[in-house]
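Only one structure is covered here, and it is reproduced in the block below.
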Amino acid sequence: MAIDKLDPVRLLADLISIDSVNPDLVPGGAGEAVIAGFCGDWLAARGFEVHRLERRPGRPSVVAVARGTGGGRSLMLNGHLDTVSRAGYDGDPLGPRIHDGKIFGRGAFDMKSGIAAMMTATARARERGPLRGDVLVACVADEEHASFGTEEVLESFTADAAIVTEPSHLEVTLAHKGFAWFEVVIEGRAAHGSRPELGIDAIAKAGHFLVALETWGHRLAQASPHPLLGAGTVHASVIHGGEEPSTYPARCRITIERRTVPGESAEDVQVELTAILDDLTDTVPDFHYRLHRGLHREPFEADRQAPIVHTLLRHAESALGRPPVIRAEPFWTDCALLDAAGIPCLLFGVDGGGAHAATEWADIAALHRLTDVLTDTISDFCA
Ligand SMILES: [Zn+2]
């Protein structure tokens, strides 16, 4: 029997009012402890088996499992609990406000609406009758920074498919870009500025690399594009070098970012970059470098034939009254981690706007529609 009407708008308002700013983004941020506790209690009260994962104190993720009767397919719904900063928000970021068919507040769009929809949908699907497959509701920490929440969840849980409920305007995201960061250190030789015969100017040598980087970018732009994502890109992000006016700089450090499309791995990118740097070593006198690979995250592309893709597209089409728009994102999401763990997945979420901006909202009709599509998809997939 229902404990309440399972209204996703009411649940979203409760979630908005709980501060969950990511403390790795904003020192002193509240983290996920309170909101994870709230979600865990809400789901436990509805008969879910609740697991709290908290390797990093104060940064928990919650996985709530609705056990099936056996023999069916399991489905994981995944959403992040953390938000970006409340500073700079126009009005009260923790005071949910409803106006003109929209609900406003920090995280309303990115992505407490997705959390509210997936919790409500799973509870509703269970009320319809017993499911054979397990449904896992993963409310994770830290997506806005390093995604250790989903990584921690995947160490202990798996499923036959997953849906990430990040906001997507009720369109279906089947691909997104990845990224790889590198630090290139160009080595020169320090000497007094009056002694050119002794010094090697690392900053001037780095100039050769920056020109080659721009050429690399042009080459990428001309390569045959990915049908949803276009071409990969590269840009310089940070540069440091030199000590004072009258010294030849011994070192210049350049951080670059390469945004990748499906089919390009961080390993591939490192090979490309090494070839460029080796060519400079061969052609530019006194060019010496060291290369360090930093954080990288792989791109994502769903298998269009995966059963979860078919099931969700069918229910989205019947809710929308037309085939849903298929989209791809330039930014990275937790889909890539789920996919790499062997869990076919896609991304489908609410309409609205203002992610990370001064005013943020979710469209209330879209939240209801999202909840309906998720409910039908769960009932169908896990039947
Ligand atoms: Zn998000």
Check: Given the residues VAL137, VAL153, which is the only one that is touching a residue at least 60 places away in the same chain (Cβ under 8 Å), within 18 Å of LEU312 (Cβ to Cβ) and of a type in the set (A, V, I, L, M)?
Finding: VAL137
Check: Quick one: would you say PRO93 is open to solvent by less than 30 Å² (accessible area, probe 1.4 Å), farther than 27 Å from VAL172 by Cβ and within 16 Å of the ligand (Cβ to nearest atom)?
Finding: yes
Next item on the list: State which residue is farthest from the chain's Cα centre (by Cα) when the search covers only the stretch 355-379 and only residues that are open to solvent by 20 Å² or more (accessible area, probe 1.4 Å) and within 15 Å of the ligand (Cβ to nearest atom).
Entry: TRP361
Item checked: Qualifying position, being aliphatic (A, V, I, L, M) and modelled with pLDDT under 95, among LEU25, LEU53, LEU43, LEU12 -> LEU25
Note to self: Pull out all pairs, ordered by first then second residue, where Cβ-Cβ is under 6 Å, the residues are six or more apart or on different chains, the first lies in the stretch 68-83 and is in a loop (DSSP other than H, G, I, E, B), and the second is within 16 Å of the ligand (Cβ to nearest atom) and open to solvent by 20 Å² or more (accessible area, probe 1.4 Å).
What the structure shows: ASP82/GLU144
Note to self: Among the residues of the stretch 187-214, what is the count of those that are touching a helix residue (DSSP H, G or I) at 6+ places or on another chain (Cβ under 8 Å), among the aliphatic types (A, V, I, L, M) and open to solvent by 50 Å² or more (accessible area, probe 1.4 Å)?
What the structure shows: 0
Note to self: List pairs: first residue in the stretch 2-19 and closer than 15 Å to ASP41 by Cα, second residue at pLDDT 95 or above and among the acidic types (Asp, Glu) anywhere in the structure, Cβ distance under 6 angstrom, at least six positions apart or on different chains.
What the structure shows: none
Margin query: Pull out all pairs, ordered by first then second residue, where Cβ-Cβ is under 6 Å, the residues are six or more apart or on different chains, the first lies in the stretch 109-133 and is within 16 Å of the ligand (Cβ to nearest atom) and charged (D, E, K, R), and the second is open to solvent by less than 10 Å² (accessible area, probe 1.4 Å) and part of a helix (DSSP H, G or I).
Written below: LYS112/LEU12; LYS112/LEU15; LYS112/ILE16
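The values are calculated or read from the model by the stated rules, or taken from the named source; none is laboratory data. Quick caveat: nothing in here was measured; it's all calculated off a predicted structure. We place every Cβ from the backbone using ideal geometry, glycine too, and count neighbours over all the protein chains shown. When the accessible area is computed, the model is the full protein with side chains, heavy atoms only, and any ligands, DNA or RNA have been set aside. Shrake-Rupley method; radii C 1.70, N 1.55, O 1.52, S 1.80 Å.
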